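The values are calculated or read from the model by the stated rules, or taken from the named source; none is laboratory data. As the structure is a computational prediction, the values presented were derived from the model and not from experiment. In this analysis, Cβ positions are derived from the backbone assuming ideal geometry, glycine residues included, and neighbour counts consider all displayed protein chains.
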Amino acid sequence: MGMLQEFKNFAMRGNVIDLAVGVVIGSAFNNIITSLVNDIITPAVLTPALQAANLTNLTELTIPGTAIKYGNFLSTCISFIIVAFALFMVIKGINRLKKKEEEAAPATPPAPTVTETLLTEIRDVLKK
């Protein structure tokens, strides 16, 4: 029974549950960003470039006479850059919203320092 109780305490620790929630939310967020990049941004960016090069698919780019498909590598690099930029824009928007919330909250005055507290006590004693 001791081992089962120890496992229960471990599994129900706040950090483990927070991590699990973060992983699930991160996975869902990854699906959103991947769909944004694959279904919206990449076709909008690559379609005109492929048409200009008379290609229908970037993976068609190969070194003649070899099996080297540098088109796949270019496609992966472009997708990475687009994902990084899309993620940057999403995080930038979230930070902007957080900043507005922080500005809307009233700032609490800082607590008096030890010196200020002592001077206040001395002033109060002298007034008496």
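Mind checking which residues of segment 19-34 are among the polar types (S, T, N, Q) and surrounded by 11 or more Cβ atoms within 10 Å (Cβ to Cβ)?
So in segment 19-34, the residues among the polar types (S, T, N, Q) come out as 27, 30-31, 34.
Within segment 19-34, ASN30, THR34 qualify.
Condition first: part of a helix (DSSP H, G or I) and under 19 Å from ILE41 (Cβ atoms). Now tell me which residues in segment 51-72 satisfy that.
GLN51, ALA52, LEU58, THR59, GLY71, ASN72
Filter segment 12-50 down to the residues that are among the β-branched types (Val, Ile, Thr), under 16 Å from the mean Cα position of the chain (by Cα) and either closer than 22 Å to PHE73 by Cα or not in a helix (DSSP H, G or I) (or both) and list them by number.
Matches in segment 12-50: ILE33, THR34, VAL37.
Can you find a residue that is among the β-branched types (Val, Ile, Thr) and more than 20 Å from ASP39 (Cα to Cα) anywhere in segment 69-89?
The answer is no, given that none of the residues of segment 69-89 is among the β-branched types (Val, Ile, Thr) and more than 20 Å from ASP39 (Cα to Cα).
Output the residues belonging to segment 101-117 that are part of a helix (DSSP H, G or I) and either surrounded by 10 or more Cβ atoms within 10 Å (Cβ to Cβ) or at pLDDT 85 or above (or both).
If the condition is that a residue be part of a helix (DSSP H, G or I) and either surrounded by 10 or more Cβ atoms within 10 Å (Cβ to Cβ) or at pLDDT 85 or above (or both), then VAL114, THR115, GLU116, THR117 are the ones that fit.
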